[in-house]
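Shown next, in C-alpha cells, is the structure this report addresses.
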Amino acid sequence: MNTRPLVYGLKLSPIANEIEVIEETPARLADLLMSDQIDVGLIPIAIIPRLKEFFIVSEYCIGTETEVASVCLFSEVPLTQIQKVYLDHESRSSAALLKWLMKEYWGINPEIVQAVNDAYRKEIKGTTAGLVIGDKAFEQRKISTFIYDLASE
C-alpha cells in the first residue's frame, strides 16, 4: 500500500498502454530485477550492492526518521534473552537494518532464520522473536509483549 502513490501515474493513460506494472512485495521485485525478469522496480535499498548495475531514477523513497509502528521486532522477552529471530520474507532492507541493530547497537547475536511465508509468526514465543512488517505488524502489536520499532531504534 505504501508504494501506491509512487506507481499511481504508471497505471493511467497514456503510459499504462506502453508498460506492464507488476504489483509485488519489494523483496519479490528485487528477485525479479536480479533475474532480469523486469526492467525497473521499487526495490529495497539493501539489494543495490547485489545488482550488476543500477540507476536511481527518482529522488523519492519510502523512509522515516521517527517510529512507524509497521516495521518491528516482536518478542515475549527482552532483547538480551532473545535466542532466535525470524526475518519477514517480504523485506530485505528491514532485515538488513535489524541485523545491524542487533550486532552494532544492541550487542546481541541470536540465530537468524529467513521466513519463507507468514507462518513464522506462530513461532514468536518464548526466546524466539520475529521481524514483522506492514499490516501484519499492526496485528502482532496486539499479541507480543516486547515491541522494538526499527525506525525509532
Selection within the stretch 1-41 - surrounded by 13 or more Cβ atoms within 10 Å (Cβ to Cβ), free of Cβ contacts under 8 Å to residues at least 12 places away in the same chain and under 17 Å from Ser58 (Cα atoms): Leu10
From Lys136, Lys125, residue being over 30 Å from Leu6 (Cβ atoms) and among the charged types (D, E, K, R): Lys125
Residue that is surrounded by the most Cβ atoms within 10 Å (Cβ to Cβ) [pool: residues in the stretch 121-137 that are within 15 Å of the chain's Cα centre (by Cα) and of a type outside the set (D, E, K, R)]: Val132
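Only residues that are aliphatic (A, V, I, L, M) and within 15 Å of the chain's Cα centre (by Cα): list them for the stretch 88-111, please.
As a first pass, look at the stretch 88-111 and keep what is aliphatic (A, V, I, L, M): 95-98, 101-102, 108.
Across the stretch 88-111, the qualifying residues are Ala95, Ala96, Leu97, Leu98, Leu101.
Kindly establish whether Ser75 is surrounded by 21 or more Cβ atoms within 10 Å (Cβ to Cβ), touching a Gly at 6+ places or on another chain (Cβ under 9 Å) and at pLDDT below 95.
On the way: surrounded by 21 or more Cβ atoms within 10 Å (Cβ to Cβ): yes; touching a Gly at 6+ places or on another chain (Cβ under 9 Å): yes; at pLDDT below 95: no.
Answer is no for this residue.
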Unmet criterion (only one of (1) over 26 Å from Met1 (Cα atoms); (2) under 19 Å from the mean Cα position of the chain (by Cα); (3) surrounded by 14 or more Cβ atoms within 10 Å (Cβ to Cβ)) for Gln81: (2)
Selected residue (only one of Ile45, Ile108, Ile38, Ile19 is modelled with pLDDT under 90 and in contact with a helix residue (DSSP H, G or I) (Cβ under 7 Å, 6 or more places away or on another chain)): Ile45
Those residues of the stretch 58-72 which are open to solvent by 100 Å² or more (accessible area, probe 1.4 Å) and out of contact with any strand residue (DSSP E or B) (no Cβ under 8 Å at 6 or more places or on another chain), in sequence order: Glu59, Tyr60, Cys61, Glu65
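The values are calculated or read from the model by the stated rules, or taken from the named source; none is laboratory data. Fair warning: this is a prediction, and the values are worked out from it, not measured in the lab. Cβ sites come from the backbone with ideal geometry, for glycine too, and all protein chains shown count toward neighbours. In case anyone asks, the SASA skips ligands and DNA or RNA and just uses the protein heavy atoms, side chains included. Shrake-Rupley method; radii C 1.70, N 1.55, O 1.52, S 1.80 Å.
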